[in-house]
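Values quoted throughout were computed directly from the atomic coordinates according to the rules given, and no laboratory measurement underlies them. From a predicted model like this one, the values you see are computed outputs, not experimental measurements. Cβ sites come from the backbone with ideal geometry, for glycine too, and all protein chains shown count toward neighbours.
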Protein chains: 2
Amino acid sequence: MNTRDALLHQNARFYEAFENFSIEVMGDVWSSVPGVRCIHPGWTLIEGREQIMESWARIFEGEVRMKVSLRNVKAAVYGRIGVVVLMEEISYQNGKMANSGTVMATNIFEYDGAAWKMIHHHGSPMIVVEEQEGENFRYN
Amino acid sequence: MNTRDALLHQNARFYEAFENFSIEVMGDVWSSVPGVRCIHPGWTLIEGREQIMESWARIFEGEVRMKVSLRNVKAAVYGRIGVVVLMEEISYQNGKMANSGTVMATNIFEYDGAAWKMIHHHGSPMIVVEEQEGENFRYN
């Protein structure tokens, strides 16, 4: 089960938790090992499962509803470590206000013998984006 | 040699190459395996050794001189994969103009049997920073 498909499935669950504001699924996706790390876009490093889950709880308390489309998903398995790199296209809805943004993400998972568990999430704002036809993006 | 110390040494060489605009050292730090990936702050994903080295060559062609201080360096070894997370405090000097910025970085290395080689670099601008005493930062 430490396959690329299982890795992508767990990565998708991370974004389901994010869209659905599900602290339960988010808690299941993240590893319980010490030293897990999370960088939300523009934030500094958050370390430790408890602190990371607190940060998600804070995000989920907000009024803003989010939809995330994943683009250019790349996954690689290196033994018990899996790395997923992708582009998050996030649409925000806050009352009548709508907005959108693109985030580059590096997600690292560790296979614990039964499942891939997230040990690292790094999301960062994309500043210069030029969309081209199809799935391709390039920087200027 | 696939130790944490060797991992940190190779990570330091990456920043030496960056400060010294050394395309030769940069080329030695990066892995030659397919699928290496690089996200410069605010840029979209760059894939492949050739494309990544071209991006560094372009950065090194610039007039801007950079000094990088590393803060809060965290390293973890998972078998043949090493992950280094840190804060880059970058001072820019462009002629008489000086500026500075903070970048959060996730650097992933693979041990190839002889050395740790970089397979992934994700640098992202830190937007909200509040410095506290000593080595600690927190977000607002």
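Brief remarks on what is shown
- Here the protein assembly as shown is assigned +1 on the Cβ of each Lys and Arg and -1 on the Cβ of each Asp and Glu. Its dipole about the Cα centre then comes out at about 160 debye.
- Residues A:His121, A:His40, arranged from fewest to most other Cβ atoms within 10 angstrom of their Cβ, appear as A:His40, A:His121.
- Under a Gaussian network description of chain B, with springs only between Cα atoms under 10 Å, the residue in B:Ala75, B:Ala17, B:Ala114 that fluctuates furthest is B:Ala114.
- Once exposed loop GluC sites (Glu not before Pro) are cut out (DSSP; at most 10 other Cβ, 10 Å), longest piece of chain A: A:64-132
- Reciprocal mean inverse distance between Cα atoms of chain A - Kirkwood radius, Å: 15.7 Å
- Per-residue 3J(HN,Hα) values for the stretch A:107-116, derived from phi via the Karplus relation 6.51 cos²θ - 1.76 cosθ + 1.60 with θ = phi - 60°, read 10, 10, 10, 10, 7, 9, x, 10, 7, 6 Hz in sequence order (x marks Gly and Pro).
- Mean projected area in nm² (Cα convex hull; one quarter of hull surface) for the protein assembly as shown: 15.8 nm²
- Between A:Glu50 and A:Thr3, the modelled label-to-label distance comes to 3.9 nm, taking each label 7 Å out from Cα in the direction of the beta carbon.
- Relative to its residue count, the stretch B:27-101 spans a Cα convex hull of 115 Å³ per residue.
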